[in-house]
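To keep things clear, I will list the structure first and then write my remarks on it.
None of the figures in this text is laboratory data; all of them are computed from the coordinates on show. This structure is a prediction, so every number in the text was calculated from the model and none was measured. Because the Cβ atoms are built from the backbone with ideal geometry, glycine has one as well, and the counts that use them run over all protein chains shown.
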Amino acid sequence: MQLISKAKSWAKSLKRDIAALWLAARDKRVPWYAKLVAGAVAAYALSPVDLIPDFIPVLGYLDDLIIVPLGIMLAIRLIPPELMAELRATASMRLERPSGRTGLIFILAVWCLCIIFLATALYRAV
């Protein structure tokens, strides 16, 4: 039972941190490089489309279990601690949640770039 409550608490804090990073990407006090990382991580985490689809064995869940938490940790380290605490408090109180539309566009753009790259490489090879 304790493991389940720890997992719920961890998931809740991840959800809050994603919302805080979404806010950080729009905050003028956050450095540009931290905004870039925070925005990319929040967009990816909120996206309804994964970079690696979940139906691919092992790799499909790898992004959800490793890439997203590592991205969140990196983005949090780039934001000043006092400001991150303020953004977390704001994210906890906020009723509205960020939408996944931006994340969807981001992931689709990455897929399109990969397809263009592969098509160009195949064209040159032939």
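What does the charge count near Ile56 come to, summing +1 for each Lys or Arg and -1 for each Asp or Glu among other residues with Cβ under 11 Å from its Cβ? Mind dumping the intermediate values first?
Numbers: positive: none; negative: Asp50, Asp54, Asp63.
For residues surrounding Ile56, the net value is -3.
Cα atoms only: what Rg and Dmax, in Å, come out for region 1-61?
14.5, 42
Once the Cβ-Cβ distance between Lys8 and Leu65 is put in as r, and R0 is 22 Å, what FRET efficiency do you end up with, to the nearest 0.05?
Approximately 0.85, to the nearest 0.05.
Summing -39500 (n - 2.57) over the DSSP H runs of n ≥ 4 in the chain and dividing by its residue number, what mean residue ellipticity at 222 nm do you reach, to the nearest 500 deg cm²/dmol?
-23500 deg cm²/dmol
Sort 74-84, 115-125 by packing, meaning the average of other beta carbons within 10 Å per residue, with the highest value first. Could you put the intermediate results ahead of the total?
Values: 74-84: 16.0, 115-125: 9.1.
Packing proxy ranking, top to bottom: 74-84, 115-125.
Lysine pairs, Cα distance under 24 Å, 8 or more residues apart or cross-chain: how many in the chain?
4
So how compact is the chain: Cα radius of gyration and Dmax in angstrom?
For the chain, the Cα radius of gyration and maximum Cα-Cα distance read 16.8, 59 Å.
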